[in-house]
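*Asks:* Here it is, the structure, as structure tokens.
The values are calculated or read from the model by the stated rules, or taken from the named source; none is laboratory data. Since we're looking at a predicted model, the values are computed, not measured. Just so you know, the surface numbers come from the protein's heavy atoms only, side chains and all, with ligands and any DNA or RNA stripped out. Shrake-Rupley method; radii C 1.70, N 1.55, O 1.52, S 1.80 Å.
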Amino acid sequence: RLETDYNCSVIVFHSDNQKDRFNELQALSKRRLFGTSARTLHDTLNFLNQCDFFIGIDSGIGHMAAALKKPVISLFGPENDDKFRPLGDNVVIIRKASRFSDDSINKIEVKDVLKEFNKIVINNKNRL
């Protein structure tokens, strides 16, 4: 929906062993997605510098995006978001269940992410 409703280009960061999953995602997309399995931190930072925002699970890439002062929507599952969240003024955490529940990240819905994304667009309309 980000592609069609907001005319966004999407970069999907994935590891080499997730290439098949990326191809499945590409097949579902109405527009071409750009996938990368950046090999180094430098490559990852270069890709992030091209992004206007970051949406993803709690990961090192989310922390790097926050350090670059990009708006970040970080999806948390069983991890402790108080302790491990990316830091920054433009960071939003989405959690749908109590901590330490293994399936909690699966309860996050697209509408939850779009709601927070809309706030980012409104708050950063001069930047995006």
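*Asks:* Ignoring ligands, DNA and RNA, what percent of the accessible area of region 1-116 is carbon or sulfur (1.4 Å)?
*Replies:* Carbon and sulfur: 50 percent of the exposed surface of region 1-116.
*Asks:* Further question on the same structure: Evaluate the Kirkwood expression for the hydrodynamic radius of the chain, namely the inverse of the mean inverse distance over all pairs of different C-alpha atoms, and round to one decimal in Å.
*Replies:* This gives a value of 15.4 Å.
*Asks:* Taking 0.36 nm per residue of sequence separation and subtracting the Cα-Cα distance, how much length would be gained by fully extending the chain between SER15 and LYS30, in nm to one decimal?
*Replies:* 3.1 nm
*Asks:* I would also like to ask the following. Residues of the chain: accessible area per residue at 1.4 Å, in Å²?
*Replies:* 66 Å²
*Asks:* Run the helix sum for the chain: -39,500 (n - 2.57) per DSSP H stretch of 4+ residues, divided by residue count, reported at 222 nm to the nearest 500 deg cm²/dmol.
*Replies:* -10500 deg cm²/dmol
*Asks:* Another question, if that's okay. Not counting ligands, DNA or RNA, and with a 1.4 Å probe, what is HIS42's accessible surface area in Å² rounded to the nearest 10?
*Replies:* Using a 1.4 Å probe on the heavy atoms, I get roughly 120 Å².
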